[in-house]
Amino acid sequence: MRTLFVLFLLAAVATAKVFERCDWARKLKASGMDGYRGISLANWVCLTKHESNFNTGATNRNTDGSTDYGIFQINNRWWCDNGSFRSSNACKTSCRALLSDDVTAAINCAKRVVRDPQGISAWYAWRDHCQGRDLSSYLAGCRL
């Protein structure tokens with residue numbers, strides 16, 4: 001099973017897309033993320049910069065055995081189903097869908113995460129790198 005998981009992750013990384021900052025900002029804006037639940041576009045760009053460096057194929061194995069997936073680093077314990085870890089699957093999606101270059105599932109799941117009581121503070125990277133900071137540099141020069 002572990003070999004299958006490693007092969008799955010390698011296949012996902014092989015097809016991963018790494019967005020340029022302004023392209024990603026435009027994609028987020030076009031997807032209705034600017035102002036979603038009161039969260040500015042700069043916050044979303046900052047969050048994803050520090051979670052995945054804008055990489056759709058990013059994964060991170062956590063000490064509790066769960067894994068974070070995709071450009072938003074969405075955790076399979078609560079939000080997606082990877083088929084091998086008991087999950088609440090609140091986004092009603094497979095973790096594999098969060099690794100796709102088509103970021104629709106990832107964006108929809110991120111919207112679901114922020115509807116939870118924790119909101120955007122569910123992401124440690126946002127709390128550690130974005131919260132309460134001047135985020136203007138994340139959109140600088142993007143002509144949005």
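Taking label positions 7 Å along the Cα-Cβ direction at both A140 and N53, the computed distance is 2.1 nm, reported to one decimal. You can think of it this way: the chain between H129 and N108 has 5.3 nm of extra reach, that is 0.36 nm per residue less the Cα-Cα gap. Residues whose amide H comes within less than 5 Å of that of S94, counting only those at least five positions distant or on another chain, are D81 (H built at 1.01 Å from N in the peptide plane).
Compute the Cα gyration tensor for the range 91-144, then decide on rounded, prolate or oblate, letting a ≥ b ≥ c be the square roots of its eigenvalues: rounded whenever a/c is under 1.5, prolate when a/b is larger than b/c in the other cases, and oblate in all that remain. Write down the numbers at each step before the final one.
Values: a/c = 2.53, a/b = 1.36, b/c = 1.85.
Because a/c hits 1.5 or more and a/b fails to exceed b/c, the range 91-144 counts as oblate.
Looking at the chain, the pairs of alpha carbons with a distance over 28 Å make up 14% of the total.
Annotation: amide H of I74 within the under-5 Å range of Y69, sequence separation 5 or more or interchain, hydrogens built in the peptide plane.
Cβ-Cβ distance of D64 and S121, R₀ of 22 Å, FRET efficiency by 1/(1 + (r/R0)^6): the value works out to about 0.70.
If you count the DSSP beta bridges with both ends in the chain, what percent of them are antiparallel, to the nearest 5? Intermediate results must be reported in sequence, preceding the final value.
Working: 7 of 8 bridges.
Among the beta bridges of the chain, antiparallel pairing accounts for roughly 90 percent.
To the nearest ten degrees, helix 2-14 and the longest principal axis of the Cα atoms of the chain are 30 degrees apart.
A short reminder: the numbers here are calculations on the coordinates, not readings from a lab. Remember, predicted model here, so these are calculated numbers, not experimental data. In this analysis, Cβ positions are derived from the backbone assuming ideal geometry, glycine residues included, and neighbour counts consider all displayed protein chains.
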